[in-house]
Every structure is written in structure tokens, then in C-alpha cells.
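Here the structure comes first, spelled out in C-alpha cells, and everything after it is commentary.
The values are calculated or read from the model by the stated rules, or taken from the named source; none is laboratory data. Here the structure is a predicted model, which means the values were calculated and not measured. Quick reminder, even Gly has a Cβ in these numbers, built from the backbone with ideal geometry, and neighbours come from all protein chains shown. The protein model used for the area step is the full one, side chains on, heavy atoms only, and it has no ligands, DNA or RNA in it. Shrake-Rupley method; radii C 1.70, N 1.55, O 1.52, S 1.80 Å.
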Amino acid sequence: MYDTIIISEKPIAGQSIAQILSDGKMKTNREKWQTTFEFDTSFLGRCILIPLKGHITDVDFKKEYSSWYTDLKNIIKSDALFYKTTQPGIVRSLNETEAKRLIIATDADREGESIGREAVKIILAKKSKTKVERAYFSAITSDEMNNAFSKLIPLNEKLADAADSRREIDLYWGAILTRFLSTSTGLVGKDFLSVGRVQSPTLAKIVERELEIENFKSSPYWEIKLELEKQKTKFEAEYKKRRILNKAEAEKIFSNIGQKAKVINLEKKEMAIKRPVPLNTTDFLRFAANLNVDAMKAMEIAENLYMRGYISYPRTDNQTYVGVNIDKILVNLRGSEFDKAIDKILKQEKITPSKGVTTKDHPPVHPVTLAPKEKLHPEDWKVYKLIVGHFLATLYKDAKALTTNAEFDVNGEVFISKGLIFIDRGWLDIYPYTNQKEAVLPELVIGEILPITNKELLSKKTQPPVRYSQGTLIKLMEKLNLGTKSTRPAILQKLYSRDYISGKKQIKPSNMAKTVVKTLEDYAKHIVSPEMTAKLEDEMNQIEEGDLTKDKVVEDSKKMLLEILDTLYKNKKEISTTIRATHQQANVVGKCQRCNANLVKRTSKLGKIFVGCSQFPKCTQSYPLPQKGEITFTNKVCELCKAPLIQLKQPLKKDPVEFCINPSCSTNKDYQNSFSKKDLSNSSLNKEEARNEKKGTEINLQKANIIKPKASIKTPKLKKEKENQTINNF
Ligand SMILES: [Zn+2]
Ligand SMILES: [Zn+2]
């Protein structure tokens, strides 16, 4: 029997919390199913800390609604959801532990409240008289811990309800729409078409940008640049109107340029280059993306740094330090590569941090203690250093620069030069993540005449808009109220994993993504427009405020979904035809030599890819494909046997190889010769397997028509088989 059970959200956080509360004197119990920490404190008595692993229950459809072929409207109209246990080991620990009081010390936000409530429910079911309290903190430091555990508050049910409403709504929307689109187009199993309340409007934005780029008509324009000189300093001046849209006009101006330019106007101004505002999650992800750390990874690293007590809680919209002990943090960061910057900051008369938006949320993302560089993975250190660097910059002064605008008369045409010189580099001196540069102009006097030492007529073209990067996309999602600071990276991840998008710095949609978005826009616009999902987002906020109940919001969202489904059913045939056509197009490999229909890429029941005739079962022509490496269909045919040629890029090989898809084609003999003897002997063995595999795929194709996936929204799991059919087969 303990006095107190403490619940943490994750094991690392639990260890850090136990360390602090016990002053390092805790006992670690490693059970087979769960690790816990035991310790005594003067104010909590005998304690046991049980760490969770995030959610210990998951919302899912009841069994009778789990088939993809269940009547979708019926699911929406029924009470179809239930919460199931996903962490039996943890549940066992919770069930077996008794104490007078229970303190929830999960992350301090909606999700943390919901996770904490899951543990509360399990414990209260056994011992209903346990006193439940909540420790609310923004960083795992001794100050924050002592404060949170001495000012315990009640568990906030509204916060937990807001989180759970999201889980339920997203399951309904995601599963119902995904099932509709996948089953009505026949794209189930590995090829299922994912649709979601947040992911689809986000995808629509990416597609919209891509179409802008595709439809962009570039137009020519001209620029004129001059090189001027004063006292051996050369500098550039450009035509004041910058873009000249007419070639003849540009050439006329250019040919009229003489030898001299006269200074006719000089304007000098002092300008502040503002230091950054404190980091919220969106900006943090954006800056991390600039350092080549993608959104999902950056969030994972930040969470880890938080749980180990190095930085504050990384999910926040706040850009103002409220209740942050800045002096103490600066002391904590001493004895490191940040010393020089800290010295500069402390030399100021007073530290006045910059500030942006103020919310009731956690403080902005900031360091709390010095992380040991040698113990961190280089990428973790890169992220930590960014957070520290940004924090320090917000405590230092704005930079000051002197800007000069000079105008020159050149045979009646006006040219301009811009200069920028730092008076005080301020925060730029301690912030390595910006490259603001000086542009030096010589000292100029109005009326003076300078020689033109060079001139250039540049022919240019207007450029299409740029694709979104992970950073700019997350920023856009924030602006459109799509998802939350916590869910955005995972939404992007989903789009990548469904092959809807590719690229990190320039996100490009696939053809299927374009078709899905276009089809939804034509027949169910609400799914891809940000307004509907933003409205739901707003309603979830109202649950947190206590203005709406979870049941009401979930019911409302189901009504919306039912209306959408009505429209979808009305247009089912058109939707199906359009999407199937794109799917087939994307998988066409070439022409079948037996019947002249299309050869298409297919996936067998065992999850193996192969090429088969689209006229199956009328025509049974098929070829095996390598299961490893990246395959590109070339649209070319083998000169010898006329089968399609494919290109294969193997994971460890630098250059892709091109070869005939037909295993018995003699062109493949040469390719085999390039293998070592060992490879060759393996390949003869594999040939046998390839033949079996080929037979197998034909049988599987017939079976494929009757597979009915069971899982709700997740991909039905394919039976994993040892993949030994590689390029050696040929
Ligand atoms: Zn055929
Ligand atoms: Zn061939």
C-alpha cells in the first residue's frame, strides 16, 4: 500500500520526475510488463510512479461495424465506437497498485489530460475512494515540479473531453470517408485511398499550388544593371522600374546609356532589424525544417528533450515569456558554448525579452537546463542548439542598420542603388541562423557625376509560385486552422505514407492525389475545404471552454458527415470511374504481347508486386518484379523480345540499372554475368522460386477479388513473407 500513485505520460518523463521528487534516491522496479519507480518524500509520503506510454486506450469501431463493407450510414447513425485497452501491461500495474491518492503528472495539455483520465478510470474502477489530483507543469525542472506538486489542482474533464471528441470525430470521418472512397473504387487492401477531416483539406492546398504551377504561363521581362565606381569602390545600380516588359523598350533604354551617372537623390535612414519573438511550435518546426530536420522528427526530438528536462514543453501557441525564470535559465546554461552570448546579454542594463502573441497556453519553447552535448545524438543537439540560440536572441537587443537609397540620372532614365551598413549588429551577433548581409555603398554627394564601368541587359522570365515546404505548409495549416500544433506533423506524415505527396523542401502531390482532390471538389467540396474542419476545430475549443459538450460536438459532426455521404452516394458512379482510371493509368507498364491490352502493376495477396495483364482472367500473361529497390517503368520495350523495360535502383547501389522484365529474355543473360559466382548460384535457386511465385500470383489474383479487409481505417496487414525474390531472379 502506497500513499501516492503518480502517473507520467512516458517512461523517460517518469524517470525525470521521480529523480527530481526523490532527489535521485528512487528505486527502479523493472517488472516484465512495466518499469515503475518507488520513493519517499516528506509531502507525498510513500510514492510509486507508474509511467504510461501515451494513450493506454484507443477508440475503435465495435466489432459489428469493423468490416469495410458495413453500411456506412448505419455506422454514423449508431453508437458505433468503444474504447479498448491497448497497453495490458500498464493496465495490470494500475490494477495491482493501491494508494490513498492519485496524482496525474502527464503532459499539461488536452492530450495529456485525456491520457491521465484513462489511468484514473482504471484505478477508480477498482478503488473508487482514491483521491484524484493533477500536477500541472510546463517543464520538468525542480522549480516547476515543486510548484506543481504543492499546488495540485483537479483533473480538467473539459480538456480531456476536447481531446476525446477529436479522436472520435477523426475516426468517424477518416474511416467512413476512406471506406467509401476505397470500396466504391475497388481500391482496398494495400492501395486503399485515405481521406481525412484535416488531411484532405491540407492535401487540397498542396494540389491547388501544383495546379497553379502547371497552369502558370511564364512571360518574359528585362532588367538593366549598371556598375558604377567611386574612389575605386565599385557598386551596382539597377533600373528603377526594375521590370521592363517590352523588349524593344528595354533595348532602347539600354542603348541610350552613356558613360556617366549623376547622383540626383540620396536618402539615409536608420532602421531596426528586429530580434525574433519567442518560439511557438509552428515557428519551431519551420526553423527546424530550415536546418533539414523534418517536422515529424523535430517534434519527436523536442518531446525527448522536454522529457529529459532540457527544454520546456514543446507544444504551445504562446510567444510571450510569462512566469519564466530567465535569470536562472541563463545561469543554468553557463559553462558552455553559449557563454559568449550570455555575457553579452548580461552586459545589458536590463533584460527585456521580445514578445509576440500572448495566450494562456504553456510558455514559448525555451531551454531550461544545459543539455550535455556529448550525450546527445548530433541531430538532437542541433535542435537543442536552435532552441537555445533562439531563446538567447529574444533576450538581446534589436540590430541597427543605416540604409541608403541613392538615385542616379542616366541620360534621363533613373537608376537606383541600395546600401545597408550595420551600426550595431545586436542579436545578429549571437544568432547563427540568419544571413543578413551588409551592402556597402561609397560616400555619395548629390550632384556628383560617376563613371559607368559596365552595363548589362538581362533577359528574364516570370517564375511560377514555389511549392510548399514542410515549414511553410505547417504555417499555412495554422493560418487556416487545420489541425492543431500537436497534430500537424502527424497529418503530413500520413500524406507521405499514403504516397499522396513526396519531397520535403518542395512538396509535390502524386497524380492520385490530384485526382482524389479534384473528385472530392467536384462531388463533396466540404471534405476538401478548410472551412468545415476549421468549424469543428472551433467547436472543440468550445468544449475546452465549457460552452459545448463533447456529445453535442460529436453529434453535430456526424450530421455533417451524413450530409456529405449523401452527396457522395449520389455521385458514386462518376467518382468511381474517375479515380479508377487514374489508378490504372498510374500503374500501366506497357502493352501485353499476347492480347495487346495494358500490362499493369499489381500486388498479390501476399503483398508482392508483379506485372499482369489488365484482361485477367481472360489473359494470364504475367511477369515477376524485384521486391526490393525503387522501380521506374520506362515506357520503353526490349529490342529483342518487346517486353517492357524497367529501371531498378537498388538501395545500396549508386546508379539504377535498366533491364527487360521478361525473365527468360536472353538480354538478361548479360546482366546475370555481371554478378559474382555466388550470386549466380543463388539466382538459379531463385529462378525456381520465381516460377513458383509466378504460379502463385496467378492463383492469388483470382483470390484477390474476394479479399475483404477487416480492419477499420488501418491498412489490412499483409502476411509477411521472407522476400528473396530480388534482381537475381532474372
Ligand atoms: Zn494480355
Ligand atoms: Zn527482352
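Worth pointing out:
- Pairs spanning more than 20 Å between alpha-carbon atoms, out of Lys217/Lys504; Lys53/Lys504; Lys505/Lys636; Lys32/Lys53; Lys397/Lys437: Lys217/Lys504; Lys53/Lys504; Lys505/Lys636.
- For Thr359, the solvent-accessible surface with a 1.4 Å probe is about 50 Å², rounded to the nearest 10.
- The equivalent ellipsoid that matches the C-alpha gyration tensor of the chain spans semi-axes of 48, 45, 26 angstrom, in descending order.
- Fraction of accessible area attributable to carbon and sulfur, the chain (%, probe 1.4 Å): 49 percent
- The calculated pair-distance distribution of the range 286-395 uses every alpha carbon pair, bins of 5 angstrom beginning at 0, and gives 2, 12, 23, 25, 21, 13, 4, 1, 0 percent.
- In nm, spacing of pseudo-spin labels at Lys559 and Ser336 (7 Å Cα→C-beta vector): 5.3 nm
- For the range 25-83, applying the loop criterion from DSSP together with a ceiling of 13 other beta carbons within 10 Å to the chymotrypsin sites (Phe, Trp or Tyr not before Pro) yields Trp33, Phe43, Tyr69.
- For Met271, solvent-accessible area (1.4 Å; no DNA, RNA or ligand), Å²: 80 Å²
- Working ranking of peptides 446-453, 568-575 by packing, defined as the average number of other Cβ atoms within 10 Å per residue, highest first, is 568-575, 446-453.
- Over 28 Å apart at the Cα level, from the set Lys62/Lys514; Lys129/Lys559; Lys10/Lys559; Lys573/Lys628; Lys328/Lys355, are Lys62/Lys514; Lys129/Lys559; Lys10/Lys559; Lys573/Lys628.
- Packing-based order for 203-209, 379-385, using average beta carbon neighbours within 10 Å, highest first: 203-209, 379-385
- Expected 222 nm ellipticity per residue - DSSP helices of 4 or more, -39500 (n - 2.57), all of the chain, to 500: -12500 deg cm²/dmol
- Annotation note: trypsin sites (Lys or Arg not before Pro) in the range 27-98 located in DSSP loop regions with a Cβ neighbour count of at most 11 within 10 Å are Lys32.
- Sequence of Thr472, Thr202 when ordered by accessible area, the most exposed leading, probe 1.4 angstrom: Thr472, Thr202
- Principal semi-axes of the equivalent ellipsoid, √(5λ) from the alpha carbon gyration tensor of the range 69-155, are 32, 18, 11 Å from largest down.
- Computed accessible area, Lys131, all protein chains, 1.4 angstrom probe, square angstrom: 120 Å²
- Considering only beta bridges that DSSP places wholly inside the chain, some 85 percent are antiparallel.
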